[in-house]
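Scroll down for the structure; my scribbles are underneath it.
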Amino acid sequence: MRAAITAHDFGTVFRLARELAGVSYSKIAAECGIKPERVGSLARGRGSVTSFEKVTCVADALRIPGHMLGLASRPWEKREPRPAPDRTSEEDESSVERRRFLQAGTGAGLAATLPELTRPAAGRRVGPELPERLRRRTARLRRLDQVLGGGDTYRVYLGEYQATKALLRDSTYSERTRHDLLSVLAEQAQQAGWAAFDGGRAADARGLYEESHGAATEAGDTALAGNALAFLAYQAVSGDQKAGVEIAARSCATIGPDAPAGVRALLHERLAWACAVAGLATGCERALAAAATALATAGDEPQPDWVSWVDTTELQIMTGRCWTELRRPLRAVPVLETALAAYDDTNARDKALYLSWLGDSYLTAGEVEQAATAADRALDLAEGVASVRPRARLTQLLKRLDAHRGLPAVDAVLEKAVAV
């Protein structure tokens with residue numbers, strides 16, 4: 001049996017999963033233990049899945065019936081007698097099998113979500129322990145964002161937010177529990193808003209950030225209220241630079257000097273970015289210095305889970321992005337190269353984004369071939385990721401590279417961009 005299946009090529013399976021069932025390559029990668037760019041290569045017909053163990057893993061993850069792959073029935077399959085073929089049908093057997101796979105794959109879902117949390121029925125009293133349970137659940141679900149794009153996670157995160165909102169509306173509780181639930185709601189709204197923004201739902205994101213700010217303010221959670229403003233600033237600055245800077249400055253003023261170090265670092269990073277987009281180099285540098293100072297004073301104090309990813313590598317990335325935006329490649333390239341060396345390819349969305357800024361700085365410095373190499377790598381990583389941001393960033397870089405047609409490295413990456 002093993003020898004028979006080594007020839008199986010999963011390229012068509014992965015491509016159909018994406019095109020017809022709406023399953024992103026990053027989602028397939030997360031569930032099957034395959035790097036996202038490897039899934040993209042397989043979908044383009046480059047290579048095949050040859051390991052028996054990997055074939056069975058892919059079959060189970062995508063809910064592909066065993067008989068389609070030469071395997072025995074999978075444990076989750078409910079085999080039913082197959083009806084006699086309809087001689088008048090125009091569909092051939094392969095089309096039927098393909099549709100069955102897609103229906104099964106879509107229904108199963110690939111995101112590794114948590115078991116459903118038992119919530120009190122409407123009208124029941126909520127105890128003081130539930131908000132902390134919800135916060136821990138929110139933290140665990142946040143880990144999905146490390147490997148999946150907002151197109152994959154938005155519905156999951158939005159559902160959590162809506163469930164907590166219903167809990168606040170329909171249950172009874174003490175005033176302290178109410179404040180704790182409002183804080184959780186603010187955190188969940190930010191999580192859903194980020195996924196909406198990442199998935200191309202800008203209006204939904206803005207509405208969720210505004211609701212988060214209201215809930216956090218009512219709860220007295222200044223850290224989350226400041227972060228809601230920082231999210232709004234990050235989104236606003238691309239359209240109204242002055243407003244973006246003003247909102248980002250408000251976010252930093254909201255929290256004060258006693259906020260956790262990670263929160264201060266994150267909000268000052270976003271102020272730095274707003275200043276960079278607005279061309280305010282001095283303000284940008286001051287904000288980056290404030291973020292660095294905050295990280296240096298972190299020590300062992302507890303940090304909210306929603307800033308757990310903010311570290312020196314993240315600050316290097318933001319520093320490189322800011323100097324790229326300000327057209328200072330000699331300052332941007334070294335920090336981006338150092339930071340990207342610490343990034344694993346499983347973080348495909350983020351690594352593709354950061355490579356696009358590196359490519360931009362290379363191009364500004366006149367290093368066209370290196371810019372093309374960075375763009376080529378970013379295209380591989382971004383393919384099939386359920387996020388609009390990598391492709392939007394790469395489109396800008398590719399437009400700049402188009403002026404250098406005739407160089408082999410540039411021609412190759414522009415051709416790949418059309419094919420992807």
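The residues of the range 231-244 that are under 25 Å from the mean Cα position of the chain (by Cα) and either surrounded by fewer than 21 Cβ atoms within 10 Å (Cβ to Cβ) or assigned to a helix (DSSP H, G or I) (or both), listed by number, are PHE231, LEU232, ALA233, TYR234, GLN235, ALA236, SER238, GLY239, ASP240, GLN241, GLY244. Scanning the range 379-420 for residues that are among the small types (Gly, Ala, Ser), open to solvent by less than 50 Å² (accessible area, probe 1.4 Å) and modelled with pLDDT of 95 or more yields a count of 1.
Based on this model, can you work out whether GLU314 counts as closer than 30 Å to VAL184 by Cβ, of a type in the set (D, E, K, R) and exposed (fewer than 15 other Cβ atoms within 10 Å of the Cβ)? Spelling it out, it is not the case that GLU314 is closer than 30 Å to VAL184 by Cβ, of a type in the set (D, E, K, R) and exposed (fewer than 15 other Cβ atoms within 10 Å of the Cβ). Note on the range 266-306: residues that are of a type in the set (Lys, Arg) and closer than 15 Å to ALA230 by Cβ total 1. For ALA272, indicate whether it is touching a Leu at 6+ places or on another chain (Cβ under 7 Å) and either more than 28 Å from ARG136 (Cβ to Cβ) or of a type in the set (Lys, Arg) (or both). Judged against the criteria, ALA272 is a match.
Please determine, by comparing only the residues of the range 317-349 that are among the charged types (D, E, K, R) and touching a Phe, Trp or Tyr at 6+ places or on another chain (Cβ under 7 Å), which one is surrounded by the fewest Cβ atoms within 10 Å (Cβ to Cβ).
Filtering first and then ranking leaves ARG331.
Annotation: of all residues in the range 366-378 being assigned to a helix (DSSP H, G or I) and open to solvent by less than 70 Å² (accessible area, probe 1.4 Å), the one that is nearest to LEU148 (Cα to Cα) is ALA378.
Residues in the range 390-418 that are touching a residue at least 40 places away in the same chain (Cβ under 8 Å) and in contact with a Lys or Arg (Cβ under 8 Å, 6 or more places away or on another chain): PRO390 only.
Looking at the range 121-230, the helices (runs of 4 or more DSSP H) lying wholly inside it that each contain 3 or more residues that are farther than 22 Å from SER308 by Cα, of a type outside the set (A, V, I, L, M, F, W, C) and open to solvent by 20 Å² or more (accessible area, probe 1.4 Å) sit at 150-170, 175-198, 202-219. Taking every residue in the range 170-195 that is closer than 16 Å to ARG140 by Cα and modelled with pLDDT of 95 or more and pairing it with any residue that is open to solvent by 10 Å² or more (accessible area, probe 1.4 Å) and acidic (Asp, Glu), at least 6 positions away or on another chain, the pairs with Cβ-Cβ distances below 6 Å are GLN188/GLU160; ALA189/GLU211.
Picking from residues in the range 245-270 that are assigned to a helix (DSSP H, G or I) and touching a residue at least 40 places away in the same chain (Cβ under 8 Å), the one that is most open to solvent (accessible area, probe 1.4 Å) is ARG270.
I'm trying to understand the selection: among the residues of the range 276-294, which are open to solvent by less than 10 Å² (accessible area, probe 1.4 Å) and more than 24 Å from the chain's Cα centre (by Cα)?
Of all residues in the range 276-294, those open to solvent by less than 10 Å² (accessible area, probe 1.4 Å) come to 276, 284, 287, 291, 294.
Residues satisfying the conditions are CYS284, ALA287, ALA294.
In the range 403-420, the qualifying residues are those that are within 28 Å of the chain's Cα centre (by Cα) and of a type in the set (D, E, K, R), and the one that is nearest to ALA375 (Cα to Cα) is LYS416.
When you look at LEU330, is it of a type in the set (A, V, I, L, M) and farther than 30 Å from ALA225 by Cα, yes or no? Yes: the conditions hold for LEU330.
The values are calculated or read from the model by the stated rules, or taken from the named source; none is laboratory data. Please read all numbers here as calculations on a predicted model, not as lab measurements. In this analysis, Cβ positions are derived from the backbone assuming ideal geometry, glycine residues included, and neighbour counts consider all displayed protein chains. These area figures cover heavy atoms from the full protein model, side chains too; ligands, DNA and RNA do not enter into them. Shrake-Rupley method; radii C 1.70, N 1.55, O 1.52, S 1.80 Å.
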